[in-house]
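Beneath this line is the structure, given in C-alpha cells, with notes to follow.
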There are 4 protein chains.
Amino acid sequence: MADKVPSIVETATRLARETLAPRAAWYDRDGVNPVESWRDLHRERLLAIGIPTAYGGEGLDMAAYVAVIRALARGCANTAMISLSRTLLMETAIREAGEGWAVDGVKHFCTMALGASQYMVWCALDGESDMGKALVLALVPADADGITTDGKWNTLGMRGTYSPSVTFSGVWIPREAALGRPGSAIQVGVVESFGLGYAAIYLGIADAALDFAIDYAKKRVVKPENIAVAQDPTVQRHIGGLAVRLDAARLVLEDSAARWESAEIAERGNLANKAKFLATETSLEVTSKVIQVVGGRGAYKDYPAERAFRDVRTATLMPPTVDRMLETIGKAALGIQEGMFRIGGGPQGA
Amino acid sequence: MADKVPSIVETATRLARETLAPRAAWYDRDGVNPVESWRDLHRERLLAIGIPTAYGGEGLDMAAYVAVIRALARGCANTAMISLSRTLLMETAIREAGEGWAVDGVKHFCTMALGASQYMVWCALDGESDMGKALVLALVPADADGITTDGKWNTLGMRGTYSPSVTFSGVWIPREAALGRPGSAIQVGVVESFGLGYAAIYLGIADAALDFAIDYAKKRVVKPENIAVAQDPTVQRHIGGLAVRLDAARLVLEDSAARWESAEIAERGNLANKAKFLATETSLEVTSKVIQVVGGRGAYKDYPAERAFRDVRTATLMPPTVDRMLETIGKAALGIQEGMFRIGGGPQGA
Amino acid sequence: MADKVPSIVETATRLARETLAPRAAWYDRDGVNPVESWRDLHRERLLAIGIPTAYGGEGLDMAAYVAVIRALARGCANTAMISLSRTLLMETAIREAGEGWAVDGVKHFCTMALGASQYMVWCALDGESDMGKALVLALVPADADGITTDGKWNTLGMRGTYSPSVTFSGVWIPREAALGRPGSAIQVGVVESFGLGYAAIYLGIADAALDFAIDYAKKRVVKPENIAVAQDPTVQRHIGGLAVRLDAARLVLEDSAARWESAEIAERGNLANKAKFLATETSLEVTSKVIQVVGGRGAYKDYPAERAFRDVRTATLMPPTVDRMLETIGKAALGIQEGMFRIGGGPQGA
Amino acid sequence: MADKVPSIVETATRLARETLAPRAAWYDRDGVNPVESWRDLHRERLLAIGIPTAYGGEGLDMAAYVAVIRALARGCANTAMISLSRTLLMETAIREAGEGWAVDGVKHFCTMALGASQYMVWCALDGESDMGKALVLALVPADADGITTDGKWNTLGMRGTYSPSVTFSGVWIPREAALGRPGSAIQVGVVESFGLGYAAIYLGIADAALDFAIDYAKKRVVKPENIAVAQDPTVQRHIGGLAVRLDAARLVLEDSAARWESAEIAERGNLANKAKFLATETSLEVTSKVIQVVGGRGAYKDYPAERAFRDVRTATLMPPTVDRMLETIGKAALGIQEGMFRIGGGPQGA
C-alpha cells in the first residue's frame, strides 16, 4: 500500500495532464460523456477506484482516493466526476415485488454506471423512515421496462457528465440487483464518502484555475510599463488570498481523509461535510476571482478559467446543500449525534 | 422631461419583456450581435440614449438613462451593453498626421459603433501624459487601411456583444473624426458616465436572476412534504439577503444618477465608482447564489439563471477594476482629488 | 414640518458634537446612565422624539426621527439608545387582576423609562397567542411591589445604558398603565419602528468611527517617507470600501424611513428589517476595519474607535436576530405575508 | 523530544485551565502585567520557550512551540503574548558609538523583556537599507539614560500586556547587548517565527470563545419551548461555520509549523504569513459571531466572550498588516522571492 499510493497519484497526475486535459474543452463544448478518457482510466486501472472497497473496488484508502480524484479533476472535471459515479438526491423508492424489487420515482442527474449499461440508483425502502435501514443501492439495467428519460443535459458546466433525469415506473429488478442489505451503505459509510470525492473535484478544478492565473500573471506583460502582471501588488494580494484559502481547504480535505478509516459512521458525516463545505466555498471564490485577476481574457474560451468557473458552480450543487452541511458540522461540534443526511433534504439540488 | 422619463422607462421595460428577452438565449448561444433587437431599439428611439448629450444624443438625464439601461438589461444584457457602446481600456495612441490623425495600437473588446460601420476608439494623444488633455474619442471607419482583427469572440458570457480585438497600424482618419478637442471628454464627464451604465446593466441582470429564483421558489413544490420551496426558512434567508443587497446597490446607483448633473467632474468619478463597485459585488453574489438556491435546475440552459451568471462575470470585467474603484472612492472620502482613471490601468480588463 | 426637520437635525448634530461627545467616554468608562446628556436633550425638546406619535410624542415623521437618532449616536450612542428607550425581547406576561393588571416575568436589558421612575415593559397578554392581539405596553413604577433586579450591567459596550434584568412577580399596575388596547402597538406599527431607530444608532456610531479614521489618516505621517497615511493606496481602498458600504446602508435606512408613513404594518416590518440588517452588518464591519486601518492607536482608549467597536457589537444584539431579519425580508420578497416578530424569538438576544 | 512535546503541551493546557484562566479577567480589568502567571510559567519552565533556539531557549521545535502558545492563550492571552515577548514594528535605529552602540527612536507596544529589567528592541543599523544586513536585536536596560516612556497603556484588549511606547534618545549600550551580528536574526528566521506565535495566540483565544459558545448553547434553555439553544438549526449552522473555519486555520498553522525546520528563510516568511493571515481573519470572525450566537449575555463581563472579542481585535494589529501578508503570500505563489518584511512597513500597526 505504501508504495502503491504515490504511484497511483503520479499516474493520475500524468494522465490528467497528458490525456484528459487536452480533451476537456471538447467534452465541455459538445456536452458528451468523456468516453475516451474513461477508457484511458480503465486501462490504467483508475476507473475502479470509484468503487468503494466494501463493494470490491481497488481498495485504496481514503487519502489516496481523494488525491487521485483531485489529480484527475485538474485535467478534466467531467472525467473525475464520472469516476465517482454516484449521486445522492433521491425521489426514488424501492419495494419488494415477487422474487425481486420494483423501483419507482425520478432520479435527477442520472449518470450512467460503469459500462454505460446500468443505472446506479439510490432508493429508499418503501415504508421505512429510518435511513439507516431504508437506503438501498440498486443497479437498474438501462433497457429495463418502465424507464423513460427526458434526455436533457444542456447545462452551465459539467457538461460532459451528461446526466439527464430518469423516471422509473414500477421497474422490476432481480433480488441481487439491490446491493447489500437495506441500510448497509449507510452503515459502512459509503454515502458519507461521496462528500470527500466531491470536495476533491472542486479543489482539483480550483487548483487548475489558480495555476492558470499564476502562469498568466507571470507571462503577461502590461504596457506601457513593460512589467509582468505578477509584479502588481494588488494582483499579488488577490493571488495570495486565493492561494492561502486553497491551502486551507486542501488541508481540511486531507485531514478528513486521514481520519476516515478509524472514524465511526456519524463522525464520517462530519468529516465529509467539513471538507465539502470548505471546498465548495473556496472553489467558488477561486474560480470567480481568477477571472477577475486575469481580466478580459479570463472570459475567453481559449483559456481554461471560464470552464472552471462554470464547472464549479455546477458541481457544487451536489447535495447536501451548504445549509445542511453547516447544520451537520454544528451538530457535531455541539455534541448532537446525527447521520449525514435525510430523505427529502430540501429544495436545493432538487 | 417630467413626462418623458416614465414613458421611456416603460417603453424599455415593455420592449425588454416582449421583444428582447425571447431572443436573448439565442444571441447568447450563437454568439452573434443582437441585430434584430438593435432595430427594435432604434424604432423606439432607445438606441440614441447611449449617445451622451454632449454629442447630440437623446438628452435624457442620468436618472432616466440608467433606468432605461437597467430595464433593457433585464431582458437582454447584450442589447443593453451595445446601447452603451463604449469601452475604456486603451492601448491606442493618436498623433497628428498631415491634415488628420493617425491611430496606432490595439483596442480590446471592440464593439462596433452605431450602424456597424465605424469603430469608436478612445485614444491617448501621443506625448501627453495628463489624461485631462490626452483623451481623444476617434471614429474610425471599419474599412480603413491598416485595420486587422483577430475576429475572435468566443466568451463565457456577453456572447452577443461580439467584441474582438482590433489592431490599428497607422490608420489615418480625417481631422473631424476626432470628436471634441483633446481631453474634452474627460472634462465633460463622458468617461465617468460609463460606470453608471455598466452598473445599470449588472443590476438589470441580477434583477432578472432574482426574479427567476423567486418565481421558481413559489412554484416549485418539494416532495414528500408537498410544500413550496418558498416556505423553507433557509431559502427565505438566502432570498432575503440577496433582495436587501440588491436594494442597496440600486439605491446607490439611483443616488449617484440623481447627483450627476450638478456634480463636478472629479465627483462624478466617485459617484460612478460607488455605483459600479457595489453593482459588481452585488450582481456577482446574486447570480451565483440564485443558482445555489434553485439547485440543479439553476444550471440548466432552459432557465435564465446560468446565462445571468455568465453574463455578470463577463460584464463586470469592464474597467476600472475593483481595486481601482475602491482606491478612487477612498481618495474622495479622504479629500484627495483625482480624476477617475489613468492610462495603463493595470492588467485586469486587459 | 418642512422647516422643522432640518432645524431639529441641526440641533441634534450640534448637541452631539458640543455636549454629548465630550461626555461619552466617561459614561462608557463608569457604566452609568448619561443623565446630564438626557437633561440636555430634554432642554432642547429632543427627548420626546423617542415617543411615537401615536402616544403623543413630538410628531416627527420617520425620516426626521432616524436622522435625529443617527446624529445623536454620532456623539454618544448611549444617549441615543436611551432616547429610543424600548426593547422587544419579552419573557413577560400580563393578565387582568382586579381593577388593573398583574405583570409577571423577566425583562432583559431593562432601561429605565423617561424620568427614571418607570419601566416601560412590553408584555404578552396571558393566553393570547396572536401577537396582533397580545402585545401590551405597560408602564410599571420602579418602586412597585414585586420588582427585583440583579442590578448587573457590566458589559462590553453600551455601558451607559445601564440596563439590568428586572424580574416582575405579580406586580400590580392600574388599568391605565397599560397603554392602548392589547395589540394596538402592533397594529400602529410601534414595534416595527424600533428597527429603524436601532439602524440609525448603528450607523451613527459607524459614521463617527469612519470620520475618525479619515481624520487620522490625513493627519498621521509615516516615517521614513514622511507622507500621510491617507496617501497609501491600500488605506485608500479600505476607506473606500467602508465609505461605499456605509453610504449604501444609509440610503436603505433613508429609503425605509421615507416609505414608512404610507406603508402597511406588514410592509413596515420588512422596511425596518432591511434597514436594521444592513446597518448591523455594515456597522460591525466598519468599526472593526477602522481599527485595522488606524493600527495600534485604534485600540487606545484615548481615541473613539475602540468604543465604537464595543458599542456596535453590543447594540446590534437587539432583536430581531440577523437570521430572523433575513427570514422576514425573504418572506416579503417571496410574497409571504407575516408580522415582524413572534414571541420567543430564539436564543439570540436572550 | 518525542516524549517532551505532548508532556509540555499537556502542562501548558493544565496550567492555562487551572491557573491562568481564573486570573485572566482580573489582569484585563486592571490593565496590569500578568506577573503571577509569568511566575507560574517560569516555575514550569514554560517561559523560556519564547526564546528562539538560536538564542539559547528551550529548544522546542516549532510544532511544539505553537501548540504550547495556543494552549496558554486559551487560558490567558496576555500571558501567552508576553511569553512571545517580541514585536516587530520599528522606528528605531542603531549606530556604532565608541565601544558600543547608540539606540535612537520610538518603540511602540514595548513589552518588557524577561525579568522586566530590559527592553528587547529591534533596530535597523543606521545607513544599511538591506534588512538582511540591517536588523539588530538590542537588549536595553530599562534604567539606561535617555529612555522616556509615555507610560500609557489603556487599550481595548490585551490590557495585561502593558506595552507603552518608549522613546530612546541616544541610549548607549555595550557591544554585547546587540545580539548576534547585524542581520543574523533575519538570516536564522527569528523574525519570521513571530508570525506563527501570533497565529497561535489568535487561535487560542478563538478556541476559548467557541468553547464558551458551545457550552452556553448546550446549557441554556429557551422558553417557552424549553429546548436547549443547541437544538436551534440556525445556531447549529453558525457554530458549524465557525468550527470548520477554526479547524482550517489550525491545520494551516500546524502545517506551517511542521514545515518550519526544513524551510529556507524566504519560505518561512510565507509559512508564517499564511498561518497569521488565516488566524487573523478567522479569530476576528469567531470572536464576533460567538457574541452574536450567545446574544445579550455574550456582551456581559461575567462571561469570557467579550474579552476574547477585545483581545483578538487588539492582538491582530501586530505587524505585518493583512495587506502585507497577502502580498507576501502572493509573491511566493507567483515565484517572486522576497523576505518577509521591510522597514517602514506602512501605517497600519503604527
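In the set (1) modelled with pLDDT under 85; (2) in contact with an Asp or Glu (Cβ under 7 Å, 6 or more places away or on another chain), the condition left unmet by C:G105 is number (1).
Among the residues examined, C:P233 does not qualify as over 26 Å from C:A124 (Cα atoms), more than 10 Å from chain B (Cβ to nearest Cβ) and more than 16 Å from the chain's Cα centre (by Cα).
If the condition is being within 7 Å of another protein chain (Cβ to nearest Cβ) and either open to solvent by less than 20 Å² (accessible area, probe 1.4 Å) or closer than 17 Å to A:V235 by Cα (or both), then region B:286-295 contributes B:I291, B:V293, B:G295. When C:V222 is tested against (1) open to solvent by less than 50 Å² (accessible area, probe 1.4 Å); (2) facing chain B (nearest Cβ under 8 Å), exactly one condition is not met: (2). For region B:296-329, residues that are over 23 Å from the mean Cα position of the chain (by Cα) and either facing another protein chain (nearest Cβ under 7 Å) or not in a loop (DSSP other than H, G, I, E, B) (or both) total 6. Per the listing C:G127, C:G146, the residue uniquely at pLDDT 75 or above and within 13 Å of chain D (Cβ to nearest Cβ) is C:G127. Among the residues of region C:153-182, those identified as assigned to a loop (DSSP other than H, G, I, E, B) and over 27 Å from C:R23 (Cα atoms) are C:G180, C:R181, C:P182.
Answer yes or no as to whether D:R245 is within 12 Å of chain A (Cβ to nearest Cβ), farther than 30 Å from C:R307 by Cβ, surrounded by 22 or more Cβ atoms within 10 Å (Cβ to Cβ) and not polar (S, T, N, Q). For D:R245, the condition - within 12 Å of chain A (Cβ to nearest Cβ), farther than 30 Å from C:R307 by Cβ, surrounded by 22 or more Cβ atoms within 10 Å (Cβ to Cβ) and not polar (S, T, N, Q) - is not met.
Among the residues of region A:255-275, those that are outside any loop (DSSP other than H, G, I, E, B), more than 8 Å from chain D (Cβ to nearest Cβ) and open to solvent by 20 Å² or more (accessible area, probe 1.4 Å) comprise A:A258, A:R259, A:I265, A:A266, A:E267, A:R268. Picking from residues in region C:296-334 that are in contact with a strand residue (DSSP E or B) (Cβ under 8 Å, 6 or more places away or on another chain) and open to solvent by 10 Å² or more (accessible area, probe 1.4 Å), the one that is nearest to B:A208 (Cα to Cα) is C:T314.
The values are calculated or read from the model by the stated rules, or taken from the named source; none is laboratory data. These figures come from a predicted structure and were not determined experimentally. All Cβ positions, even for glycine, are placed from backbone atoms using ideal geometry, and neighbour counts span all protein chains on display. Heavy atoms of the whole protein, side chains included, go into the accessibility calculation; ligands, DNA and RNA do not. Shrake-Rupley method; radii C 1.70, N 1.55, O 1.52, S 1.80 Å.
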